[in-house]
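Q: Take this structure first; my questions come after.
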Amino acid sequence: MAPEATTLLQGTLDLLILKSLATGERHGLGISRRIQQVTRGTFDVKPGSLFPALHRMEEEGWISSFWGESETNRRAKYYRLTKAGRKQLEAEAKRWGRISWAIAQALEAS
Amino acid sequence: MPFLAKLRSVARNVFSPQHAEADVNEEVHAHLELLVQENLRAGMSSEEARRAARMELGGIEQVREQVREQQLGHWLHSIISDTRYGARQLRKNIGTTAIMVFTLALAIGATTAIFSVVYGVLLRPLPFDAANRIMAIWEINNKGGRSHLADPNFDDFRDQNHTFEAMAKYADFDGSVSGSVQPIRTHLAYASADFFKVFRVSPMMGRNFTPSDAKKGAAPVVLVSYGYWRQYLGSSQDLSQSHLKIGNAVYSVIGVIPRSFQFPKDAAMWLPTDLEGENTSRTSHNYLAVGRLRHGVTAAQGEQDISAIAQRIHATSSEQGDYLLKDALALPLQASLTGSVSTPLYVLLGAVGFLLLVACANVANLLLAQAAVRDRELAIRSALGAARKRLIRQFLTEALLLSVIGGGLGVLGAYAGVQGLVALAPQNLPLIESISISIPVLLFALALSTIVAAGLGTFTAARATSGDLRKGLVEGGRGQAGSQGSQRVGRAIVAAQIAITLVLVIGAALLGRSLMKVLEVNPGFRVEKIISMEVSLPWAEDPKTKANQGLFFSNLIERLKQIPGVRKAGAISNLPLQDGGGLPDGQFLLMTQNEVPKTMDGFAALFQQKDRLGSADFGVATDGYFEALGIPLIRGRIFNEHDGADSPHVAVISESFARDLVHDHWPGQDPIGHTIEFGNMDGDLRLLTIVGIVGDVHDYSVDAPPRPTLYVDLFQRPRSAMTVTMLSDAGTQSVTSAARSILHDLDPEVPTKFSTLPEVYGASLGSRKFNLTLIGFFGITALLLATAGVFGVMAYSVSLRTQEIGVRLALGADSRDVLSMILGQGMRTILVGVAVGLAGSLALTRTVASLLFGVTATDPLTFAAVILLLVGAALLACYIPARRATRVDPMIALRYE
């Protein structure tokens, strides 16, 4: 079974959400499906984890929200990256890169 | 900016939560719809689509709750909503809430009031600079007790120590002061040169003492207190004009001591010691002493130092004998001043702590009963997603609300209570002026309320949320309410209350009986109708002046006898039972006329013979004194007109003294006719012939045995300060105003102070009455609370079992059977409480043994009476609900849901 997103560290979920918004605005379901898609099904973020994260990140000021119409003409709440959010994304991505390189090194060492 | 954004969010969440809520709600529903759409596009039927969507979402409410918890300011919002909800709950049962608040207010208020006394007297540091470095120094006599210091001993301590940076001797006494706006009789202190150095006090005006001020022949100077300076010197800026006549000398005022310094207590001025030279004897214990430890030196080191010096004196002095010090001790000044009251005060604190526990137990039971009713509410909230932690927080909030309101009211009550306590307390309670509701006391009250809240809240929360909450949703189910566990806890609490109350009430009863026994003691003299009048003439040294003073008193007494209503009048050097303990004691020497030595060396040799020595109380009196106070003459005679200054000096001794003398020194003989020398007290070395034996007088205190006493004739051994006692049938007012004018006629410069023996007697029992009043109050309150507690738990238990009782009655049980079943259960709880309380009392009442008189700490009569009282009250409290239980109509009971 694919691991639940809740087993991810909070920062990692944030990173995934930020990244999914890097290419444009999405609503909650859209973000969830996008993450599922790009991680090839590894991470399935449930609403119970997604919504708290979205609201927290909105309060941090990294994303902003507005009500709009979905593809199926239903009302949905959309999110987009703010400038601070873009900066956060860059910083987090770099940090993640460093961490994964370090772990890879550790694993390779005999 | 992220920070601004956060602030906006907090504001929005706290102040318009509905808007945020609605938004989230909408979003979650929208998400659900999108999921449904997705599923429909994937080909599911509309029902399947919706169901699948629901499952993937989780629960709508759960998601909303999780978002809510995530929000900034959520904690603040939930605290506010918890508080509002809690307040609503409390208001719903306003009656019970009022009872709980009142109970808590009473208990917290009483505890705060008592703590303010304990803090003011025992814990608060003395108002001196680095007060914990100031030590009180005592000599230790051969009986192991503390005594004042003799001048040469003090000098050795001061000069030979390595551990004190300053040391001073001091004494306080009452004296007459004139030369200012008005002559008064007031409290004065003698202090050696370094006295103010020890306390690090500088005069606010003028100069301090120097060593040259406190030695023989120095020009007399005096330092006055701020109060005296303001009231009697008119706050004069020029002290060089101020001279005060004290005793026989005129003192120049050299400085004013700041208002904040008050040691010894109530001293109006400080005179230097040793103006007449030091007393060279190492056995004349005249002064108290204090010292300030050097920086870095511990109290233990200081004590060892002084002790070593004392032991050296003991080993090498030529003045060997019973009165030479054996050792010395130094202890912190605060402990020295308050040591005697620390046990009673801590006992009081313990007692009020017990009351607090009983009160909290009652409130806990009430809260438990309420919580049981709220099962359903708890179950619903839990189903809606409230975490257990949240529910516990709710109970804590309600308990905190109760405690804060109750505590607040209690503190307000404590303000009044402390004033009452200070008025009621024995006026000689050390540091009584430091008792007030100060910041530390308020902090204590706050901490206490918080602890009570935490305890009550956690307790009820634990009970209410244990087990599966959803049981409460089951129709007709009782959830936690009827559970055995809950009832057992209630009963255990009641048993604990009964135990604690038993200890308290037994303590109060023992103190009460002690007081009654003390009141039964015959003090040895008449108390009613005696008016006393303190008269102090200036201190005289030469025989002529002294003889004149004797005449003065003779005149005064004669004229006082003329006042209508005054039947008898006499004078005594110190009134019995007066604060300060009556007559002073000293050393006497037994010798016959032909043993009288011709030289001082001869005397010294006699003092070496231990079997000639002894100690007794010494009083100067007129024959009228014994008549006025009704002290019986047992044998022989009292003083008469034949005893003049030139006739052989006579003395009258107390009955127990006579018995001891006969037993120890003159077996088989009549003490009348024997001679004794008691010059240690007034310097007159002439032999005294015993001419009479009078009854014993409880001079020191009513609960101590009478001490051996010897009285000499005022007209043979004149004294400047005497207290005249008058036996009068007329009212106190008329007699005192007549007496005042008589004294004024004789000498307008002599001040006087009036009192009555009933007042003095009552005051001597002051601390006993104080302790009894307080502990009695706690005991009665605890008894009422515990009885209410028993009643409450019993009634509740019966109401729960109505159905069961109905069944029993319907099946043919006698109402008597039901009664005895219920009562039996109640009795079990009560008996357990009594057993635990009994064990507790046996263990704890020993700590109050020092406060008892005439009863032992395990007096069976008292114990039995109190146990009966308590069991009786508790049984009554059980009986009423039990009776009600028997009246249950089985038909109604069976239908009860």
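The values are calculated or read from the model by the stated rules, or taken from the named source; none is laboratory data. Because the structure is predicted, anything quoted here is derived from the model rather than measured. Because the Cβ atoms are built from the backbone with ideal geometry, glycine has one as well, and the counts that use them run over all protein chains shown.
Q: Which residues, taken from the range B:611-648, are outside any loop (DSSP other than H, G, I, E, B), of a type outside the set (Gly, Ala, Ser) and more than 42 Å from the chain's Cα centre (by Cα)?
A: Of all residues in the range B:611-648, those outside any loop (DSSP other than H, G, I, E, B) come to B:611-621, B:623-628, B:633-636.
Now restrict to residues that are of a type outside the set (Gly, Ala, Ser): B:611-613, B:617-618, B:620, B:623, B:625-627, B:633-635.
If the condition is that a residue be outside any loop (DSSP other than H, G, I, E, B), of a type outside the set (Gly, Ala, Ser) and more than 42 Å from the chain's Cα centre (by Cα), then B:Asp611, B:Arg612, B:Arg635 are the ones that fit.
Q: Could you tell me which residue of the range B:244-261 is nearest to B:Val221 (Cα to Cα), considering only residues that are in contact (Cβ under 8 Å) with a residue 60 or more places away in the chain and out of contact with any strand residue (DSSP E or B) (no Cβ under 7 Å at 6 or more places or on another chain)?
A: In the first step, residues of the range B:244-261 are kept if they are in contact (Cβ under 8 Å) with a residue 60 or more places away in the chain; the result is B:244-248, B:250, B:257, B:260-261.
Subsequent filtering for residues that are out of contact with any strand residue (DSSP E or B) (no Cβ under 7 Å at 6 or more places or on another chain) retains B:248, B:260-261.
Working: B:Asn248: 13, B:Ser260: 22, B:Phe261: 19 Å.
That would be B:Asn248.
Q: Every residue in the range B:662-678 that is without any contact (Cβ under 8 Å) to a residue 60 or more places away in the chain and either of a type in the set (Ser, Thr, Tyr) or not in a loop (DSSP other than H, G, I, E, B) (or both), please. If you could, list the steps in order and put the result at the bottom.
A: If we filter the range B:662-678 for residues that are without any contact (Cβ under 8 Å) to a residue 60 or more places away in the chain, which is where we start, we get B:662-664, B:666-673.
Residues satisfying the conditions are B:Val662, B:His663, B:Asp664.
Q: Additional query: Would you check which residues across the range A:31-72 are at the interface with chain B (Cβ under 9 Å from one of its Cβ atoms), crowded, with 22+ Cβ neighbours inside 10 Å and assigned to a loop (DSSP other than H, G, I, E, B) and list them?
A: Correct list: A:Trp62 only.
Q: May I pose another question? Quick check, is B:Arg8 over 30 Å from B:Ile439 (Cβ atoms), within 14 Å of chain A (Cβ to nearest Cβ) and without any contact (Cβ under 8 Å) to a residue 60 or more places away in the chain? Break it down stepwise before answering.
A: Working: over 30 Å from B:Ile439 (Cβ atoms): yes; within 14 Å of chain A (Cβ to nearest Cβ): yes; without any contact (Cβ under 8 Å) to a residue 60 or more places away in the chain: yes.
Spelling it out, B:Arg8 is indeed over 30 Å from B:Ile439 (Cβ atoms), within 14 Å of chain A (Cβ to nearest Cβ) and without any contact (Cβ under 8 Å) to a residue 60 or more places away in the chain.
Q: Then there is this: B:Arg808 - would you say it is exposed (fewer than 15 other Cβ atoms within 10 Å of the Cβ), basic (Lys, Arg), assigned to a helix (DSSP H, G or I) and without any contact (Cβ under 8 Å) to a residue 24 or more places away in the chain?
A: On the way: exposed (fewer than 15 other Cβ atoms within 10 Å of the Cβ): no; basic (Lys, Arg): yes; assigned to a helix (DSSP H, G or I): yes; without any contact (Cβ under 8 Å) to a residue 24 or more places away in the chain: yes.
Against the criterion (exposed (fewer than 15 other Cβ atoms within 10 Å of the Cβ), basic (Lys, Arg), assigned to a helix (DSSP H, G or I) and without any contact (Cβ under 8 Å) to a residue 24 or more places away in the chain), B:Arg808 does not qualify.
Q: Taking the range A:1-30 as the search range and keeping residues that are of a type in the set (A, V, I, L, M) and outside any helix (DSSP H, G or I), which one is modelled with the lowest pLDDT? Steps first, answer last, please.
A: Step one: of the range A:1-30, the residues of a type in the set (A, V, I, L, M) are A:1-2, A:5, A:8-9, A:13, A:15-18, A:21-22, A:29.
Imposing the further condition that a residue be outside any helix (DSSP H, G or I) reduces the set to A:1-2, A:8-9.
Working: A:Met1: 40, A:Ala2: 45, A:Leu8: 59, A:Leu9: 65.
Across the range A:1-30, the extreme among qualifying residues is A:Met1.
Q: Still on this model: For the range B:811-826, which positions are in contact with a Leu (Cβ under 9 Å, 6 or more places away or on another chain), small (Gly, Ala, Ser) and at pLDDT 80 or above?
A: Scanning the range B:811-826 gives a single hit, B:Gly826.
Q: Which residues, counting only those in the range B:727-752, are in contact with a strand residue (DSSP E or B) (Cβ under 8 Å, 6 or more places away or on another chain), farther than 20 Å from B:Ala628 by Cα and surrounded by fewer than 17 Cβ atoms within 10 Å (Cβ to Cβ)? Outline the logic, then answer.
A: If we filter the range B:727-752 for residues that are in contact with a strand residue (DSSP E or B) (Cβ under 8 Å, 6 or more places away or on another chain), which is where we start, we get B:727-730, B:732, B:735-736, B:739-740, B:743, B:749-752.
Remaining after also requiring farther than 20 Å from B:Ala628 by Cα: B:749-751.
Passing the criteria: only B:Glu749.
Q: Going by what's in this entry, would B:Gly789 be described as under 32 Å from the mean Cα position of the chain (by Cα) and assigned to a helix (DSSP H, G or I)?
A: Here the answer is yes, as B:Gly789 does meet what is asked.
Q: Among the helices (runs of 4 or more DSSP H) contained in the range B:26-112, which hold 2 or more residues that are small (Gly, Ala, Ser), away from chain A (no Cβ under 14 Å) and farther than 28 Å from B:Arg388 by Cα? Even if it seems obvious, please write down each step before you answer.
A: Working: elements: B:46-57, B:60-70, B:74-92.
Hits in the range B:26-112: none.
Q: In the list B:Ala843, B:Ala839, which residue meets the criterion of being assigned to a helix (DSSP H, G or I) and modelled with pLDDT of 90 or more? So that I can check it myself, show each step before the final result.
A: On the way: B:Ala843 fails: modelled with pLDDT of 90 or more.
Answer to the selection: B:Ala839.
Q: Which of the residues spanning the range B:219-272 are closer than 18 Å to B:Ser202 by Cβ and small (Gly, Ala, Ser)?
A: Across the range B:219-272, the qualifying residues are B:Ser225, B:Gly227, B:Gly255, B:Ser260, B:Ala267.
Q: Yes or no: B:Ala22 surrounded by fewer than 14 Cβ atoms within 10 Å (Cβ to Cβ), out of contact with any helix residue (DSSP H, G or I) (no Cβ under 7 Å at 6 or more places or on another chain), without any contact (Cβ under 8 Å) to a residue 24 or more places away in the chain and in a helix (DSSP H, G or I)?
A: Values: surrounded by fewer than 14 Cβ atoms within 10 Å (Cβ to Cβ): yes; out of contact with any helix residue (DSSP H, G or I) (no Cβ under 7 Å at 6 or more places or on another chain): yes; without any contact (Cβ under 8 Å) to a residue 24 or more places away in the chain: yes; in a helix (DSSP H, G or I): yes.
Considered against the rule, which asks whether it is surrounded by fewer than 14 Cβ atoms within 10 Å (Cβ to Cβ), out of contact with any helix residue (DSSP H, G or I) (no Cβ under 7 Å at 6 or more places or on another chain), without any contact (Cβ under 8 Å) to a residue 24 or more places away in the chain and in a helix (DSSP H, G or I), B:Ala22 comes out as yes.
Q: If a residue has to be within 16 Å of B:Ser741 (Cβ to Cβ) and of a type outside the set (Gly, Ala, Ser) to count, how many in the range B:553-580 make the cut?
A: 11
Q: For residues in the range A:73-92 being touching a residue at least 40 places away in the same chain (Cβ under 8 Å) and at the interface with chain B (Cβ under 7 Å from one of its Cβ atoms), which is surrounded by the fewest Cβ atoms within 10 Å (Cβ to Cβ)? Talk me through it step by step, then tell me what you get.
A: Start the filter on the range A:73-92 by keeping residues that are touching a residue at least 40 places away in the same chain (Cβ under 8 Å), which leaves A:76-81, A:85-86, A:88-89, A:92.
Then drop every residue that is not at the interface with chain B (Cβ under 7 Å from one of its Cβ atoms), which leaves A:76-77.
Working: A:Ala76: 22, A:Lys77: 20.
Among residues in the range A:73-92 that are touching a residue at least 40 places away in the same chain (Cβ under 8 Å) and at the interface with chain B (Cβ under 7 Å from one of its Cβ atoms), the one surrounded by the fewest Cβ atoms within 10 Å (Cβ to Cβ) is A:Lys77.
Q: Let me ask you something else. Residue check: is B:Asp859 under 30 Å from B:Leu772 (Cα atoms) and of a type in the set (Asp, Glu)? Working first, answer last.
A: On the way: under 30 Å from B:Leu772 (Cα atoms): yes; of a type in the set (Asp, Glu): yes.
Against the criterion (under 30 Å from B:Leu772 (Cα atoms) and of a type in the set (Asp, Glu)), B:Asp859 qualifies.
Q: Here's another thing I want to ask about it. Which members of the range B:160-219 meet the condition of being in a strand (DSSP E or B), among the small types (Gly, Ala, Ser) and more than 26 Å from B:Leu537 (Cα to Cα)? Lay out the reasoning, then the answer.
A: Residues of the range B:160-219 that are in a strand (DSSP E or B), as a first pass: B:164-178, B:184-191, B:205-206.
Now narrow it down to the ones that are among the small types (Gly, Ala, Ser): B:166, B:168, B:171, B:175-176, B:178, B:189, B:191, B:206.
Residues satisfying the conditions are B:Ala166, B:Ala168, B:Gly206.
Q: Restricting the range B:595-605 to residues that are part of a helix (DSSP H, G or I) and under 15 Å from B:Arg686 (Cα atoms), which is farthest from the chain's Cα centre (by Cα)?
A: Step one: list which residues in the range B:595-605 are part of a helix (DSSP H, G or I), which gives B:595, B:600-605.
From what is left, the residues that are under 15 Å from B:Arg686 (Cα atoms) are B:595, B:600, B:602-603.
On the way: B:Glu595: 53, B:Met600: 50, B:Gly602: 51, B:Phe603: 48 Å.
So, considering only residues that are part of a helix (DSSP H, G or I) and under 15 Å from B:Arg686 (Cα atoms), the one farthest from the chain's Cα centre (by Cα) is B:Glu595.
Q: A further question follows. Within the range B:742-757, can one find any residue that is among the aromatic types (Phe, Trp, Tyr) and assigned to a helix (DSSP H, G or I)?
A: Applying the first criterion (among the aromatic types (Phe, Trp, Tyr)) to the range B:742-757 yields B:754.
Now restrict to residues that are assigned to a helix (DSSP H, G or I): none.
Among the residues of the range B:742-757, not one is among the aromatic types (Phe, Trp, Tyr) and assigned to a helix (DSSP H, G or I), which makes the answer no.
Q: Please work out which residue is farthest from the chain's Cα centre (by Cα), limiting yourself to the range B:753-775 and to residues that are over 22 Å from B:Ala569 (Cα atoms) and surrounded by 20 or more Cβ atoms within 10 Å (Cβ to Cβ).
A: B:Ser764
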